[in-house]
Amino acid sequence: EPDMTGQEVAPEADDKPEMSEDERLQRLDALATSLAAKRRDAINYRAQSGIEQVWLEDEDAFDGIDDANRAQEGASGQRHRYTKAETSSGTYTKTVTDNDNACILLPNITGPYVESAAAAIADMLLPLDDWPFALDTTPIPELAGVMEKVKELPDQQGVMMPGMQQPMAAGEIKAKGEAEIERAKKCAEKAETRIKDWLTECQWHGKSRRQIDDAARVGTGIVKGPIPQRKKHYRWSDVDGVQQLEIHEETKPVTENVDYWNLFPDPACGENIHNGSFIWERAEITKKTLQDLRGGSGYIDRQIELCLQEGPMKSEINVGTKVAAGDNSLYEVWYFHGALEREDVEAAGCDCRGYEEKYISIPAVITIVNGRPIRAALNHLDKGSFPYDILTWRRRPSMPWGQGIARQIRPAQRALTACFRAMMENAGLSAKPMLAVLRKYLSPVDGTWNLYGGKVFEVDPTADVSDIKAAITAIPIESRQVELLRIIQFAKELAEDITNNPLLLQGQMGKTPDTVGVANILNNNASVTKRRIARQFDDQVIEPGITRYYDYLMQYGEDEEEKGLFVVDARGSSVLVERDIQNQGMLKLLEASGNPNYGADPRKAFAEACRAMKIDPKQLQYSDDEWKKIQDNAAKQPADPSVQVAQINAGKALQLEEMRLGFEAQQADLDRQLASAELSSEERRDLEKQKVLLASLSLKLRVTQDMAMADHRMDLYKHNTPPPATPPIEPPGRAQPGKSFAQ
């Protein structure tokens, strides 16, 4: 039966261990005490690491909130956070200022940077028509060695194989080896299709996109899987003319997201949570959900009854700005993954007979509510692997959590915010001048010194001032808008530099490079970061996660033809990133694939070009049956000489195009030198001469190309146009020497 909280489902034990109920409960209480100490160590480790404060600051930066505008933005108490509050009341204190001219506006550039970077990486690594992994067959050294030896031998020659008394023909050995290799490939294809079906059904692409979003924002994104879950399938069927609804249930592995606030690894894990001895996950369930767990597979009803009688207890962690759920009716649930002693696991009702007696510690999953173990289950994978995968945007030494873009861009965001607020405050001050007034000479009629239009002052009749303007003077405040705008522009450029993500490559309007070479340099620099993140996604998510799905298939798969020795090939950094980078060059490769001299497949080139442009090639290509019919019809017709002429023309045109591209590259290099270097007048004249020379060369190349294409078209016209018929009357021949004028 399924676990209603979405956790792993283990088979129910057939025979319970022989243990009295009192002994069992005592053992469970001792287990709960031991696990509580481990949980407290994990909670304290994360709190003392300082990562929780970093997450709070990064979330505020993403939302455009700081201490100046927190009260106005309504940020206090609105997010699900687990950290120590700034005051004993558990809420933020409001900073009161008497400066009415203070600006609290925050120009948020962190949010757009995070969203654009996460969208670009997700769009690149998770295309709709492809997958970032594949299953490859494991090479068999013995088979590879035999095939290498016999491939050059004649088929009739006998070969003595190890362990055989009679020689075997080399041709038979080749046939058996090729058949074994083909069987392994088909097995890998079936296994890969099965895993992709599981991932598609649980919406793995969407879960991975959210993981990338979290990693870009705070540096840490978490998913867990495969987790066995019972799923219902509904289907209408016709039974004796009556439509009936059929409900089928089956267990399938799924992947789920985990909030980074809810995961607590072993303090000794270092940078990889799988190096730790245990890991904790926190969640919340309602009273009704807890009641429904009674009677479920592996659940201890008596422990659940005690939890219901006690009611929800105080949280094990400091909930700093969490919104209370009405009457606080949510129960805090903790899931422990780790190795436990055999006696403790058996006391919780698990059948450990599948493990030999030499295994003192057994990987198990314990569910705890109110400090009481309410369920125990063996890890659904025999390897005992943790089901969690953490993606870090940028690694932190000796910590499993990473650093996100919100933290990288923090200096630029704070500088921009400070300058923007100073500019707004300066604008407010410079718009209204200060006044210097001699009070013994002037007094306001309305009794206040506030300045407004139509203000009336009375002059003291005894004043000895000849000019009344001397009694009141306006002191203007100088505007510093230009200087502050320059600093703001510098802060924006700093944001591009420290994130290595130029605005132009984010799809935002920026300063367009003057030459193609500069644009290529920017693209290549940004591609370095893409490759690094793609490799981390391969190493931290794809390889361990898909390997666990492969282990699940090997352990629970019903089709034996899907089982074999495979390795996971993570293709995000090797295929998907390069395809995204080479998007601009794919069209040129598509043109070159039409030349038979390159030996390229135009269909494959077209498919890759479509994928690079985020288009599904299947929507444009013929189906397999349609393409086979076209090929069959083409084979029946004689070869058209015009096709050969067209292929020759394409080869010559490609050569001319390569020459033109070489000229443009030289031209771009010269433009870049002019734009980036301080040249003397003589050097500039030399460069101008070179540009004129290159321009004339380009003109000659274009004329040559046009003339060549005209000649090719004329040749093609002559080839396709039959010669004129013989005229009915032949013209006279050549006149004899000396008779040309007369004849």
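On a 1.4 Å probe surface of the protein chains, which of Val437, Val258 comes out largest in accessible area, and what is the full order?
These residues rank, largest area first, as Val437, Val258.
Taking 7 Å along the Cα-to-C-beta vector as the label spot, tell me the Ile104-Ala422 distance in nanometres, rounded to one decimal.
2.2
Can you compute the FRET efficiency between Tyr45 and Asp601 using 1/(1 + (r/R0)^6), with r the Cβ-Cβ distance and R0 = 51 Å? Round to the nearest 0.05.
It comes to 0.40.
How large a share of the accessible area of segment 367-411, in percent, is made up of carbon and sulfur atoms when the probe is 1.4 Å and the other protein chains stay in place?
Solvent-exposed carbon and sulfur of segment 367-411 make up 48 percent of the total.
Short version: ³J(HN,Hα) in whole Hz for each residue of segment 435-442, in order, from phi by Karplus 6.51 cos²θ - 1.76 cosθ + 1.60 (θ = phi - 60°), x for Gly and Pro, what are they?
10, 10, 10, 8, 5, 6, 9, 10
Please compare each pair in Lys38/Lys207; Lys190/Lys629; Lys196/Lys231; Lys224/Lys383 to a cut-off of 23 Å on the Cα-Cα distance and tell me which ones are over it. Before the final figure, lay out each step's value.
Details: Lys38/Lys207 29 Å; Lys190/Lys629 28 Å; Lys196/Lys231 17 Å; Lys224/Lys383 16 Å.
Over 23 Å apart, Cα to Cα: Lys38/Lys207; Lys190/Lys629.
So how much slack lies between Ser385 and Glu483, counting 0.36 nm per residue of separation and subtracting their Cα-Cα distance, in nm?
29.5 nm
How much accessible area per residue does segment 327-428 have, counting only protein heavy atoms and a probe of 1.4 Å, in square angstrom?
37
Ignoring ligands, DNA and RNA, please state the percent of accessible area on segment 170-209 from carbon and sulfur, probe 1.4 Å.
The value for segment 170-209 is 49 percent carbon and sulfur by accessible area.
Take Met124, Met424 and sort them by solvent-accessible surface of the protein heavy atoms, 1.4 Å probe, largest at the top. Walk me through the numbers before you get to the answer.
Numbers: Met124 10, Met424 80 Å².
Of Met124, Met424, the descending order of accessible area is Met424, Met124.
From the Cα gyration tensor of segment 209-333, with a ≥ b ≥ c the square roots of its eigenvalues, which class applies: rounded if a/c is under 1.5, or else prolate if a/b is larger than b/c, or else oblate?
Note, shape of segment 209-333 comes out oblate.
Taking 0.36 nm per residue of sequence separation and subtracting the Cα-Cα distance, how much length would be gained by fully extending the chain between Trp236 and Thr33, in nm to one decimal? Before the final figure, lay out the partial values.
Values: separation 203, 0.36 × 203 = 73.08 nm, distance 5.13 nm.
Between Trp236 and Thr33, full extension yields 67.9 nm more.
Using a Förster radius of 35 Å, what is the FRET efficiency between Asp259 and Asp129 based on their Cβ-Cβ separation? Nearest 0.05, please.
0.70
Provide the gained length on full extension for the span Glu172 to Gln621, in nm with one decimal, where the gain is 0.36 nm per separating residue minus the Cα-Cα distance. Present the calculation step by step, with values, prior to reporting the outcome.
Details: separation 449, 0.36 × 449 = 161.64 nm, distance 4.00 nm.
Taking Glu172 through Gln621 to full extension adds about 157.6 nm, to one decimal.
Residue-wise, which Karplus ³J(HN,Hα) couplings in Hz belong to segment 412-426, taking 6.51 cos²θ - 1.76 cosθ + 1.60, θ = phi - 60°, and x for glycine or proline?
5, 5, 5, 5, 5, 5, 5, 5, 5, 5, 5, 5, 5, 5, 5
The values are calculated or read from the model by the stated rules, or taken from the named source; none is laboratory data. Just so it is clear, the model here is predicted, and its values are computed rather than measured. Please note: Cβ atoms are built from the backbone with ideal geometry, for glycine as well, and neighbour counts cover all protein chains shown. To get the accessible areas, we keep the full protein, side chains included, count just its heavy atoms, and leave off ligands, DNA and RNA. Shrake-Rupley method; radii C 1.70, N 1.55, O 1.52, S 1.80 Å.
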